[in-house]
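Novice: Would you mind keeping the following structure in view while I ask a few things?
The values are calculated or read from the model by the stated rules, or taken from the named source; none is laboratory data. It should be emphasised that the depicted structure is a prediction, and the values quoted were computed from it without experimental measurement. Keep in mind that these areas ignore ligands, DNA and RNA; they rest on the heavy atoms of the full protein, side chains included. Shrake-Rupley method; radii C 1.70, N 1.55, O 1.52, S 1.80 Å.
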Amino acid sequence: MGQPAVSPPAAPPGASSCSGCHARSANGHSIPSLQGLSAPDILGALQAFRNGEREATVMGRIAKGFTDGEMRAIAEWLARGDE
Ligand code: HEC
């Protein structure tokens, strides 16, 4: 079978804001690239930032703005790497 004929779905709410900081390639600043992370990696990191389990400068505040469902949708979308 070939490639699926459907076009990729649009970014879920909130996901487009992530790439403003997390550019596709490492940018030499202190912001890690999300390339190569799986959806569970991204979801787990967001939840740890939100709970305060993981040290953060900005991600704790950002993660507090999303529900679990929104985080899951964003994580799955980012992990596909179509941004
Ligand atoms: C204002 C800039 C900024 C925005 C916007 C931003 N991030 Fe981050 N992100 C960071 C920084 C800086 C870190 C390093 C941890 C810290 O200091 O908060 C980070 C860390 C992460 C990590 C951990 C990466 C790793 O290697 O473990 C994940 C996952 C992540 N961000 C996901 C997201 C997602 C998803 C969004 C969109 C909802 C987002 N970020 C939006 C700046 C940003």
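Novice: Give me P(r) over region 33-83, computed from all C-alpha to C-alpha distances, binned every 10 Å, as integer percentages.
Specialist: Percent of Cα pairs in each bin: 29, 56, 15.
Novice: Oh, and also: If you roll a 1.4 Å probe over region 33-83 with all protein chains in place, what percent of the accessible area is carbon or sulfur? Kindly include the intermediate steps, with their values, before the conclusion.
Specialist: Values: 1570 of 3120 Å².
Taking all protein chains in place, region 33-83 shows 50 percent carbon and sulfur surface.
Novice: Moving to a separate point now. Which whole-number value in Å² is the accessible area per residue of region 33-83, probe 1.4 Å?
Specialist: Each residue of region 33-83 exposes 61 Å² on average to a 1.4 Å probe.
Novice: In whole Hz, with x marking every Gly and Pro, tabulate ³J(HN,Hα) for region 48-54 from phi via Karplus 6.51 cos²θ - 1.76 cosθ + 1.60, θ = phi - 60°.
Specialist: 5, 5, 5, 6, x, 6, 10
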